[in-house]
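Here's the structure we're looking at; comments come further down.
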Amino acid sequence: MIPDNFEYHKPNSITGAISLLSEWGDDARVIAGGHSLIPVMKQRLTDISHLIDLKDIEELKGISISNGIVKIGAMTTQHELIQSEELAKTVPLIREASLQIADPQVRYLGTLGGNVANGDPANDMPGLMQTLNASYELKGPDGTRNVDAREFYEAAYFTAREDEEILSSISFAVPNGGYAYEKQKRKIGDYATAAAGVLIEVENNICKTASIALTNLSDTPVFCQNAVKILIGNKLDEPTIQEAVTACVDASEPVADVRGPVEFKKYVAGIIVRKAITNALARA
Ligand SMILES: Cc1cc2nc3c(=O)[nH]c(=O)nc-3n(C[C@H](O)[C@H](O)[C@H](O)COP(=O)(O)OP(=O)(O)OC[C@H]3O[C@@H](n4cnc5c(N)ncnc54)[C@H](O)[C@@H]3O)c2cc1C
């Protein structure tokens, strides 16, 4: 199918994009890499009469690491995340997770901003950003505000972003300790059956900090607060790890689909979370 007719706009500033969004309201959408938006337009599942291309907006591009804070422009592609040696050296978790997204063709165009703004529970970056406790910068007609990744997702495809706002950048503190992103998928290029991001910091054999978030195991990414509480302040022996894995599985709410029934997804979630905790611990 081909999309319905639409008017194409290509502003070269965030202000220009916001004023177009304000002018056309719900009839307009921004387009980043187009890997989620174009398919739904082709299937005519969404009615868009104004498409605002963000590609020429330089302010939305680039990766900076300064004073322990990583800031990534929304239009940075997954390929660029993988290619950045500085990012890989500072936060290797990003490259590990990005390499598990789709395939190189998708990653050449798919952007970090598009991936996190879309609100698709199957996307890997929202869970990853919750693991990193990232903050999203949103710019709109009323100015700039920041929303934590852990507060951003309301339901599948529903987020805290207002229609007239653009997600401009993503920031997070450089994490310490061990890391892992583990993903079970049916084949190369597929979305996760279950995936988990884990960060663990250990001091004197005791877990000092921890973070765990799940991908595609609910209608939003799941930050596993109970599991984190179980890990922090304790020796990470087998009973403690098992207790944390169980807490993650309990926090998941998968639905049955082509990737399997609920029982199977919960079973896979347990395997993936255990693997991610074990790998992060080995690197801590
Ligand atoms: C075959 C295939 C397999 C894939 N597999 C995976 C996978 O395994 N894991 C995974 O994580 N992803 C996967 N993806 C998704 C892909 O990685 C992209 O990240 C995703 O399509 C969104 O990024 P985009 O830049 O293409 O956004 P677009 O498609 O351009 O936009 C998506 C949505 O976000 C909005 N949007 C985009 N940028 C902004 C912004 N800056 N501010 C506000 N709103 C914005 C758009 O209006 C639109 O509603 C796959 C895609 C395909 C086609």
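Values in this text are rule-based calculations from the coordinates and carry no lab data. This one's a predicted model, so the numbers in the text were calculated from it and none came from an experiment. Here Cβ is always computed from backbone atoms with ideal geometry, including for glycine, and neighbour counts include all displayed protein chains.
Taking the Cα centre of the chain as origin, sum charge times position over the Cβ atoms of Lys and Arg (+1) and Asp and Glu (-1), and report the length of that vector in debye to the nearest 20.
Values: 27 positive and 38 negative charges, 222 e Å.
Result for the chain is approximately 1060 debye, rounded to the nearest 20.
Using r as the Cβ-Cβ distance of Glu203 and Glu253, and R0 as 41 Å, what FRET efficiency do you calculate, to the nearest 0.05? Let's see the in-between values first.
Details: r = 34 Å, r/R0 = 0.82.
For R0 = 41 Å, the calculated efficiency reads 0.75.
Using a 10 Å cut-off around each Cβ, can you sort Met1, Met129 from fewest to most neighbouring Cβ atoms?
Details: Met1 8, Met129 29.
Lowest count first: Met1, Met129.
Tally the DSSP beta bridges in the chain and give the antiparallel ones as a percent, rounded to 5. If you can, show how the numbers build up before the last one.
Working: 44 of 51 bridges.
Given both bridge residues lie in the chain, the antiparallel proportion sits at roughly 85 percent.
For the ranges 158-166, 212-220, 197-205, 270-278, what's the packing order if you count other beta-carbon atoms within 10 Å of each residue, average per peptide, and put the highest first? Write out the running numbers ahead of the final one.
Numbers: 158-166: 17.3, 212-220: 26.2, 197-205: 19.9, 270-278: 21.6.
Most protected by this proxy first, the peptides run 212-220, 270-278, 197-205, 158-166.
How high is the FRET efficiency between Tyr157 and Glu58 when r is their beta carbon distance and R₀ equals 30 Å, given to the nearest 0.05? Walk me through the numbers before you get to the answer.
Working: r = 29 Å, r/R0 = 0.95.
Approximately 0.55, to the nearest 0.05.
Past the 19 Å Cα-Cα mark, which pairs from Lys61/Lys187; Lys229/Lys266; Lys10/Lys139; Lys187/Lys265; Lys61/Lys183?
On the way: Lys61/Lys187 31 Å; Lys229/Lys266 21 Å; Lys10/Lys139 17 Å; Lys187/Lys265 16 Å; Lys61/Lys183 27 Å.
In this structure, Lys61/Lys187; Lys229/Lys266; Lys61/Lys183 lie more than 19 Å apart at Cα.
Once you put a point 7 Å from the Cα of Ser66 and another 7 Å from the Cα of Thr240, both along the Cβ direction, what distance in nm separates them?
3.8
Which value, in Å to one decimal place, does the Kirkwood hydrodynamic radius take for the chain when every pair of different Cα atoms is included? Mind dumping the intermediate values first?
On the way: mean 1/r = 0.0517 Å⁻¹.
With all distinct Cα pairs of the chain included, I get 19.4 Å.
Evaluate E = 1/(1 + (r/R0)^6) for Ala173 and Thr46, where r is the Cβ-Cβ distance and R0 equals 41 Å; express this FRET efficiency to the nearest 0.05.
On the way: r = 36 Å, r/R0 = 0.87.
After rounding, the FRET efficiency stands at 0.70.
Report, by chain and number, residues whose modeled amide H sits under 5 Å from the one on Arg161, excluding near sequence neighbours (fewer than 5 apart, same chain).
When sequence neighbours closer than 5 places are left aside, there are no close amide H contacts.
Placing +1 at every Lys and Arg Cβ and -1 at every Asp and Glu Cβ, with all other atoms neutral, what dipole size does the range 146-244 have around its Cα centre, in debye to the nearest 20?
Numbers: 9 positive and 15 negative charges, 98 e Å.
Its charge dipole is roughly 480 debye.
So what is the calculated 222 nm ellipticity per residue for the chain, using -39500 (n - 2.57) for each DSSP H run with n of 4 or more, over all residues, to the nearest 500 deg cm²/dmol? Spell out each step's value before the answer.
Details: 12 runs with 103 residues, N = 284.
My calculation for the chain gives -10000 deg cm²/dmol from helical runs alone.
In what sequence do Tyr179, Tyr8, Tyr108 fall when counting other Cβ within 10 Å, fewest first?
On the way: Tyr179 25, Tyr8 9, Tyr108 13.
Ascending number of Cβ neighbours within 10 Å: Tyr8, Tyr108, Tyr179.
Label-point separation (nm) for Asn226 and Leu99, each offset 7 Å from Cα along Cα-to-Cβ?
About 3.4 nm, to one decimal.
Stretched out fully, how many nm does the piece from Lys89 to Phe264 gain, at 0.36 nm a residue minus the Cα gap? Please report the intermediate quantities before stating the final value.
Numbers: separation 175, 0.36 × 175 = 63.00 nm, distance 3.59 nm.
Using 0.36 nm per residue and subtracting the Cα-Cα distance, I get 59.4 nm.
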